[in-house]
Amino acid sequence: MTVDEQLVPTDLDRFRAVVTEFVAARYPRRSDVVDTDPDAPVALPIVAGAVDPAVEAAAVEASRQWQRDLFDAGYGWVAGPTELGGAGLTATHVATLREVTAEYACPDDTLVRTGTQVLGPSMLAFGSDRIRTEHLPKIHRGDELVCQLFSEPNAGSDLANIQTRAERVEGGWKLDGQKVWSSGALHADSGVCIARTEPGSSRHKGLTAFFVDMSAPGVEIRRIEQMTGGAEFCEVFLTETFVPDDGVVGEPGAGWHIVIDALMNERSSIGNELLPEAAVMDRLLDHVRAGGDRVARLEAADVAGRLQVARWLERRLGEGYGPGDTPGPELALTKLALTDVVARMGALAALVLGPELVADAGRPGTYVWAEFVLGAPGLRIGGGTDEVLKNGIGERVLGLPREPVASRT
Ligand SMILES: Cc1cc2nc3c(=O)[nH]c(=O)nc-3n(C[C@H](O)[C@H](O)[C@H](O)COP(=O)(O)OP(=O)(O)OC[C@H]3O[C@@H](n4cnc5c(N)ncnc54)[C@H](O)[C@@H]3O)c2cc1C
């Protein structure tokens, strides 16, 4: 596919100008939305609060439609290969688009992003021809939502303990097992599932990645309610679920490569995409300006500084990467910076709002922060906990001695 240089310019300034025009024609600025509605949500994506099912369904459709609009205009897969419908541009163009969309009240794209940012790059690198040519364009157009079927009741931080198994059958594989904490599984059309394919194998050996049709017989999905009241996570039960041979991602037995690749994508993507926007910080600062004491003012200055540093860190660390590169372990620093800032913003909200954070006293813009505070701990866990990320940075970035693990001693 040829890319129209007028609509999707390679020159960065022109690119920023055309995407700004495109986005501004469709959505208002976030700051304008808050000016008119101080109770506009300050929810954190993935760990949002309860919503009416009809509102949830409409939000999912809006998110798909927004991705379709982006894709059809040439901005849905900015760094993707042109032969598959991408624009063939750079990671800097991707970051520019993200900066522009963050300024406007575009639909939340968390569900789309699991496919485009976390699993898509791994499918592009390791997927079969069918997955690459049939599914990747649909995923980047929002026509297909993908969920990540990695964690299990006994395999979270210790993912190498996966017990879901896949057996060879005529023309493919049959999967049996249970996955948990699968974000957005209820809305997903497909999922990437890691299963054990070599009986008797242990740890990271003998695992295989499968591209699973979520509507296939034997797939059962149940929601899990979070402390925010929302229920975006799911348990997924697989009972004799068939996956054809070309649904294997990578080589059979080499699933651990896919796990590592996808987790690296996820950690840098969470750090990049979920950092609260300036408008959210500004809403918090409004409360400090209105009634914060000296302690709150000092804390506010500290948090605002950390938010800015987290933004710079994200840019600085992302600079060395081109399209298709697997993020290195140092990019986990962006996720640690995110969780630090979000936890501190929540603590500051509690400090300045006091009881109004937990009891709705009717003062505009106050109780709305409860969802943010309750969602914050989830971000410290999803995509790798703070402790696990720090272990990785210690061992793989700083070259410190590996921590003792029972299976390695
Ligand atoms: C918001 C969110 C979204 C998620 N989305 C998905 C998804 O879409 N798909 C999916 O497959 N999974 C998903 N998960 C699951 C997530 O990957 C796991 O919860 C996470 O890896 C931790 O695993 P666990 O819950 O089993 O906790 P555990 O691994 O049991 O950890 C418990 C505690 O022990 C600590 N710990 C564990 N090992 C070590 C160690 N070696 N050193 C030091 N401390 C350690 C942890 O830091 C943690 O504090 C999601 C989770 C959250 C919160």
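The values are calculated or read from the model by the stated rules, or taken from the named source; none is laboratory data. Only a predicted model underlies this, so the values are computations on that prediction, with no experimental measurement involved. Cβ atoms come from the backbone with ideal geometry, glycine included; neighbour counts cover every protein chain shown.
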Worksheet item: Which of the residues spanning the range 196-241 are touching a Phe, Trp or Tyr at 6+ places or on another chain (Cβ under 6 Å) and under 25 Å from residue 256 (Cβ atoms)?
Response: 204, 207, 233
Worksheet, complete the sentence: Among residues of the range 1-42 being of a type in the set (S, T, N, Q) and outside any loop (DSSP other than H, G, I, E, B), the residue farthest from residue 87 (Cα to Cα) is 36
Item to complete: Report the residue count in the range 148-163 for those that are away from the ligand (no atom under 11 Å from the Cβ) and within 20 Å of residue 234 (Cβ to Cβ).
Response: 1
Worksheet, complete the sentence: Selection from the range 387-409 of residues within 13 Å of the ligand (Cβ to nearest atom) and surrounded by 14 or more Cβ atoms within 10 Å (Cβ to Cβ) yields 388, 389, 390, 391, 392, 393, 394, 395
Worksheet item: Looking at this structure, is residue 179 modelled with pLDDT of 95 or more, of a type in the set (Lys, Arg), within 20 Å of the chain's Cα centre (by Cα) and assigned by TED's automatic domain parsing to the domain that holds residue 252?
Response: yes
Item to complete: Spot the failing condition for residue 366; the list is (1) within 9 Å of the ligand (Cβ to nearest atom); (2) touching a residue at least 60 places away in the same chain (Cβ under 8 Å); (3) farther than 16 Å from residue 267 by Cα, and only one is missed.
Response: (1)
Item to complete: Return the only residue of 145, 175, 186 being more than 9 Å from the ligand (Cβ to nearest atom) and in contact with a His (Cβ under 8 Å, 6 or more places away or on another chain).
Response: 145
Discussion item. Just to check your reading of the model, which residue among 113, 68, 132 is of a type in the set (Lys, Arg), under 23 Å from residue 324 (Cβ atoms) and away from the ligand (no atom under 14 Å from the Cβ)?
Written reply: 132
Worksheet item: From 378, 384, which residue is of a type outside the set (Val, Ile, Thr), in a loop (DSSP other than H, G, I, E, B), surrounded by 12 or more Cβ atoms within 10 Å (Cβ to Cβ) and near the ligand (Cβ under 9 Å from one of its atoms)?
Response: 384
